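Here the structure is laid out as structure tokens; the discussion comes afterwards.
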Amino acid sequence: MGMDVIGSNPASRTGEYFRANVWCWKPLWGYCDNNYKVAKKVSHGYSNDGDGLNEDDSKELSELLFRDLANGTVAKYKIDYDLALAELPRQNCTYCEATGIRTDEVGVEHGMPTKQLEPEIAILTGRTIGWCNACGGEGTSPHWASNYPFHIELVQEFAKFLKDCGGFSIH
């Protein structure tokens, strides 16, 4: 699933359409919403119900994004964002109940309780057999928020889209 952002009156092919999957859209729009007053005009920026901005507001947001890409603000934000994600605590795996060995029907069907572990995982876990496909046999997984990456390249693409979209709606 993704967010399809449609240009209202595109001045070029770049302004016709912008797409981000839901995992990448949330941090991209979050950056805009948290940093620019003009983005607050979009009441439902995290849903695909057709909300958006008019041409003037889209151009303003584009200019702000280009400015902050050029002056390093976006790059600094990415560093801080990635650091914050890295500092989040790991979560217990729900598929193996934090044991590192998946013993439910799916796990048994696929031989996970008797699977030989890779040496690196065996060192980490202190055992040589038993695996879980959800956590790699460790019993914990990265925090759920780490599924939402922030990409500078996506900010650049979005800024280009905004410049030429003539206003947009999110679908």
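The values are calculated or read from the model by the stated rules, or taken from the named source; none is laboratory data. Source: prediction; values computed, not measured. Here Cβ is always computed from backbone atoms with ideal geometry, including for glycine, and neighbour counts include all displayed protein chains.
Brief remarks on what is shown
- Across region 131-142, not a single residue is classified as crowded, with 17+ Cβ neighbours inside 10 Å, among the charged types (D, E, K, R) and in contact with a strand residue (DSSP E or B) (Cβ under 8 Å, 6 or more places away or on another chain).
- Test for Arg102: is it over 30 Å from Phe66 (Cα atoms), touching a helix residue (DSSP H, G or I) at 6+ places or on another chain (Cβ under 7 Å), not assigned by TED's automatic domain parsing to the domain that holds Lys76 and not in a helix (DSSP H, G or I): yes
- Filter result for Gly72 (out of contact with any strand residue (DSSP E or B) (no Cβ under 8 Å at 6 or more places or on another chain), of a type in the set (Gly, Ala, Ser), modelled with pLDDT of 95 or more and surrounded by fewer than 19 Cβ atoms within 10 Å (Cβ to Cβ)): yes
- Residue within region 146-161 that is under 22 Å from Glu16 (Cα atoms), β-branched (Val, Ile, Thr) and either in contact with a Cys (Cβ under 8 Å, 6 or more places away or on another chain) or crowded, with 17+ Cβ neighbours inside 10 Å (or both) present: yes
- Tally of residues being part of a helix (DSSP H, G or I), over 16 Å from Cys93 (Cα atoms) and either over 27 Å from the mean Cα position of the chain (by Cα) or in contact (Cβ under 8 Å) with a residue 24 or more places away in the chain (or both) across region 112-171: 17
- First in region 78-90 and of a type in the set (D, E, K, R), second anywhere and in a helix (DSSP H, G or I), Cβ under 9 Å, 6 or more apart: Lys78/Ile152; Lys78/Val155
- Any hit, region 109-123, residues being out of contact with any Phe, Trp or Tyr (no Cβ under 9 Å at 6 or more places or on another chain), surrounded by fewer than 14 Cβ atoms within 10 Å (Cβ to Cβ), under 30 Å from Gln156 (Cα atoms) and modelled with pLDDT of 95 or more: no
- Check on Ile79, aliphatic (A, V, I, L, M) and surrounded by 15 or more Cβ atoms within 10 Å (Cβ to Cβ): no
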